[in-house]
Amino acid sequence: MWITSFSPRNPGEEPSDCTHQRHESRAPFMKKPTVVPMPKAATQAKFLAEQPESLRDFYVAILAGLPSQFKVSRDGFTESRREVLRLGAFCSPFRVKSLVEAPRSRHWSRVVEILNPKGELVDCIVAEGNLTGKPRDAIAALSNRGLQVYDTDSIHAILSLVRNWPVPPEAHLTLIEQVGWVPERDAFILTSGRVITRKGAPSKYRFGDEPTAKEIGTLPQWRDQVAALAVGNLNLLFGISLGFSTALMEFTELDTSIFHFYAKTSRGKTRLLRTALTVWPRAGVREKTWAGTINGLEAEIAKSHGILLGLDELRGDATPDLPALIYRFANGSTKARGRKEGGAQERSTWRTGVISTGEHSFVEIVSKLGGMPTGGQGVRMLDIPATGAYGVFDALHGCETSDDLVVRLDGAIRKAWGAAGAAFVENLLEMGEDALQDALDADIRRHTLALQQHLEVSPGDDRTAEIRRVIQSFALVATAGEWATDWDLTGWVPGTASAAVRTIAARWLAGRGRLPFEQSENLKKVRAYLATNEQRFAALNAKGRVTPPDEERLGYQDEAFFYLLPPALTNLAHALDTQANKLLEAFAEGGFLEKGGESKSLQFRLPASVPGRPRAYRLRRAILDFEEDPQSPSDKPQGHE
């Protein structure tokens, strides 16, 4: 039985009393019943009234665009010729929503909305070139998205419908295949696929990839439950502010930074990461982790342009490619790769931030992998002790234990994802690009100066260049948190976010030390080396002649100094995978190298009691105590500005 009603008909249900009805009988002697046609407008109104409300706009668009020789039924499309031959529908219902152009390739495609077998409306982007030059690819793409083709002889008719479906000028869109800011910075695409566009923007945009996340709940829910529980919890305040800051990265010259929170405790690190991620739509049920290949993790950050990426569980047995991956993340683009058919693939680019958690610091892990952390890595992946009064928490908000707070926080997180980030972007778009840039530059400078003063870092000092570079990243996080507060997105008191950032920055600096990163790490390794091999230094204050040096002897020692022989320095540098002159620079900058006193020589001539009076480098024994304490006084929570 053929009927133009759009709703599914239950078994045994009588046909709708409307036009275009056709009874089909398998027995040739049965007479076709006479049907009195209804006016077209009344028929369409009746059909639409019978449809689920969620599908009415879909069918209205079909009625407006479907050519007159085609008809739509509860099963899909048919045409007059097939009706005469008493054939059924040749495919399920669809419509062409828009015509889109990819800005890089300048290729055009059609966005086809399909009613799939589950009764859901889904989109399929079909390239114009495939509709004419590769029809099999075009119909395969439609079928894969749920279009049901009942008659393969009608494939030409289906593609002709798609190709010639009328698309009004206002439905001509720009196709963007990456989340975050579009190149013109007048729109932002969430990982849910939603496009937020500045009012009056000359272009309209369409996300060309599959949505990877889901928006859950409302801004009031997020503010009153998730953000409220962050108050008093410095790590959570920082994480949320970091989440907002990724939308500002596009307007800075900063590289992608990885804020790595580490602690042996299992209490709260993942909740810290999860809380920060609630600023943006939820991507999957479980958090992403560091487990994976370098190319796989690079692909993850490429899908996080402008949106915070969270990576949980950085393990002690991490991939040996970890040091190289840090540079890949910071560089902001994938490596150049060729195509099978020739030429080069388009590079993916990103500007974003990463929050990471694990039991070990990045420096510890690289050392376990047999490497030596470099200064470049140290300003890109920032080791932050995840400390608090109760695991990572400082305030329990009326809960008796941190476990109770975790349960409460989990309940709040389940109900709210993405509304805060969307509202933040909407406010940024309302500012206009020029006003946004001016305000951002001014606030980053203000927070940078405040952080430098708090951390007692002198501007213009070459020895603190690495530290000052990282301080700018912290200043961006402070700016984002304060802007979100000013726009009433967080419910926090002004100054709360920037105070939390100052405390977290102090924890980072205390653990890292004030020397250039490589020098600090070299000193830590030398300290460990000397402590382990102290017995290989002969005592200078022994009675009589001192034992002459041999292959096992590293040098000499007394109550004040280690006297390191030049060959031993060379071997030490080789063992630490560095250069002897870099070790000497670290000794000098750390205040541990006592010069020889002869002109400008760094070496000291040993006394006559040592055979041959060789020269050696005098290192103060205080080097054995070299260790920056993460729990320094500057780690205390700071008050509001």
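When the residues of the stretch 293-314 are filtered to those that are in contact with a Phe, Trp or Tyr (Cβ under 7 Å, 6 or more places away or on another chain) and not aliphatic (A, V, I, L, M), which remaining residue is most open to solvent (accessible area, probe 1.4 Å)?
Applying the filter and picking the extreme gives 313.
Report, by residue number, each residue of the stretch 519-552 that is in a loop (DSSP other than H, G, I, E, B) and at pLDDT 85 or above. Don't jump to the end; show me each part of the working.
Initially, the stretch 519-552 is screened for residues in a loop (DSSP other than H, G, I, E, B), giving 533, 540-552.
Listed by number, the list holds a single entry, 533.
Test residue 109 against the stated conditions and say whether it is within 23 Å of residue 143 (Cα to Cα), touching a His at 6+ places or on another chain (Cβ under 8 Å), modelled with pLDDT of 90 or more and of a type outside the set (A, V, I, L, M, F, W, C). It would help to see each step written out before you state the result.
Working: within 23 Å of residue 143 (Cα to Cα): yes; touching a His at 6+ places or on another chain (Cβ under 8 Å): no; modelled with pLDDT of 90 or more: yes; of a type outside the set (A, V, I, L, M, F, W, C): yes.
Spelling it out, it is not the case that residue 109 is within 23 Å of residue 143 (Cα to Cα), touching a His at 6+ places or on another chain (Cβ under 8 Å), modelled with pLDDT of 90 or more and of a type outside the set (A, V, I, L, M, F, W, C).
Among the residues of the stretch 596-641, write down those that are of a type in the set (Ser, Thr, Tyr), out of contact with any strand residue (DSSP E or B) (no Cβ under 9 Å at 6 or more places or on another chain) and modelled with pLDDT of 80 or more.
Initially, the stretch 596-641 is screened for residues of a type in the set (Ser, Thr, Tyr), giving 599, 601, 609, 617, 632, 634.
Next, only the ones that are out of contact with any strand residue (DSSP E or B) (no Cβ under 9 Å at 6 or more places or on another chain) stay: 599, 609, 632, 634.
Within the stretch 596-641, just 609 meets the criteria.
Could you check the stretch 584-595 and list, in sequence order, the residues that are in contact with a strand residue (DSSP E or B) (Cβ under 7 Å, 6 or more places away or on another chain) and open to solvent by 40 Å² or more (accessible area, probe 1.4 Å)? Let's see the steps before the verdict.
Start the filter on the stretch 584-595 by keeping residues that are in contact with a strand residue (DSSP E or B) (Cβ under 7 Å, 6 or more places away or on another chain), which leaves 584, 587, 592-594.
594 - this is the single residue of the stretch 584-595 that is in contact with a strand residue (DSSP E or B) (Cβ under 7 Å, 6 or more places away or on another chain) and open to solvent by 40 Å² or more (accessible area, probe 1.4 Å).
Check the stretch 329-341 and report whether any residue there is at pLDDT below 80, over 27 Å from residue 272 (Cα atoms) and surrounded by 14 or more Cβ atoms within 10 Å (Cβ to Cβ).
As a first pass, look at the stretch 329-341 and keep what is at pLDDT below 80: 334-341.
When the remaining residues are screened for being over 27 Å from residue 272 (Cα atoms), the result is 334-341.
Checking which are surrounded by 14 or more Cβ atoms within 10 Å (Cβ to Cβ) leaves us with 334.
Scanning the stretch 329-341, I find at least one residue that is at pLDDT below 80, over 27 Å from residue 272 (Cα atoms) and surrounded by 14 or more Cβ atoms within 10 Å (Cβ to Cβ), so the answer is yes.
Take the residues in the stretch 496-545 that are open to solvent by 50 Å² or more (accessible area, probe 1.4 Å) and polar (S, T, N, Q); name whichever of them is nearest to residue 261 (Cα to Cα).
Result: 532.
Being without any contact (Cβ under 8 Å) to a residue 60 or more places away in the chain and outside any helix (DSSP H, G or I): is that true of residue 202 here?
Values: without any contact (Cβ under 8 Å) to a residue 60 or more places away in the chain: yes; outside any helix (DSSP H, G or I): yes.
Against the criterion (without any contact (Cβ under 8 Å) to a residue 60 or more places away in the chain and outside any helix (DSSP H, G or I)), residue 202 qualifies.
Identify the residue in the stretch 177-198 that is in a strand (DSSP E or B) and not hydrophobic (A, V, I, L, M, F, W, C) and, among all such residues, is farthest from the chain's Cα centre (by Cα). Outline the logic, then answer.
Initial filter on the stretch 177-198 (in a strand (DSSP E or B)): 180-181, 187-189, 195-197.
Those left that are additionally not hydrophobic (A, V, I, L, M, F, W, C): 180, 197.
Numbers: 180: 10, 197: 21 Å.
By that ranking, first place goes to 197.
Name the single residue, out of those in the stretch 64-79 being open to solvent by less than 50 Å² (accessible area, probe 1.4 Å) and not in a strand (DSSP E or B), that is modelled with the lowest pLDDT.
Step one: filter the stretch 64-79 for residues open to solvent by less than 50 Å² (accessible area, probe 1.4 Å), giving 65-67, 70-73, 76-79.
This time we only want the ones that are not in a strand (DSSP E or B), so: 65-67, 73, 76.
Details: 65: 90, 66: 90, 67: 88, 73: 74, 76: 87.
Filtering first and then ranking leaves 73.
Just the residues that are surrounded by 14 or more Cβ atoms within 10 Å (Cβ to Cβ), more than 28 Å from residue 228 (Cα to Cα) and among the aliphatic types (A, V, I, L, M), please, taken from the stretch 456-485.
First pass over the stretch 456-485, keeping only residues surrounded by 14 or more Cβ atoms within 10 Å (Cβ to Cβ): 457, 464, 466-485.
Filter again for more than 28 Å from residue 228 (Cα to Cα), leaving 457, 464, 466-470.
The answer is 457, 467, 470.
So in the stretch 369-385, with the set limited to residues that are modelled with pLDDT under 85 and part of a loop (DSSP other than H, G, I, E, B), which one is least open to solvent (accessible area, probe 1.4 Å)?
373
So which residues in the stretch 265-282 are of a type outside the set (Phe, Trp, Tyr), open to solvent by less than 40 Å² (accessible area, probe 1.4 Å) and at pLDDT 90 or above, if there are any at all? If you could, list the steps in order and put the result at the bottom.
First pass over the stretch 265-282, keeping only residues of a type outside the set (Phe, Trp, Tyr): 265-279, 281-282.
Pick out the ones that are also open to solvent by less than 40 Å² (accessible area, probe 1.4 Å) and you get 268-270, 272-273, 275-279, 281.
Once the filter is applied, which keeps residues that are of a type outside the set (Phe, Trp, Tyr), open to solvent by less than 40 Å² (accessible area, probe 1.4 Å) and at pLDDT 90 or above, the stretch 265-282 yields 269, 270, 272, 273, 275, 276, 277, 278, 279, 281.
When the stretch 218-249 is examined, which residues are found to be surrounded by fewer than 20 Cβ atoms within 10 Å (Cβ to Cβ) and touching a Phe, Trp or Tyr at 6+ places or on another chain (Cβ under 7 Å)?
231
Within the stretch 553-578, which residues are in a helix (DSSP H, G or I), open to solvent by 30 Å² or more (accessible area, probe 1.4 Å) and in contact (Cβ under 8 Å) with a residue 24 or more places away in the chain? Before you say what the answer is, go through the steps one by one.
Filtering the stretch 553-578 for residues in a helix (DSSP H, G or I) gives 566-575.
Narrowing the set further to residues that are open to solvent by 30 Å² or more (accessible area, probe 1.4 Å) leaves 566-567, 570-571, 574-575.
The answer is 566, 575.
Check the stretch 272-291 and report whether any residue there is in a strand (DSSP E or B), under 23 Å from residue 376 (Cβ atoms) and not acidic (Asp, Glu).
no
The values are calculated or read from the model by the stated rules, or taken from the named source; none is laboratory data. Fair warning: this is a prediction, and the values are worked out from it, not measured in the lab. Positions of Cβ are backbone-derived with ideal geometry, glycine not excepted, and every protein chain shown enters the neighbour counts. When the accessible area is computed, the model is the full protein with side chains, heavy atoms only, and any ligands, DNA or RNA have been set aside. Shrake-Rupley method; radii C 1.70, N 1.55, O 1.52, S 1.80 Å.
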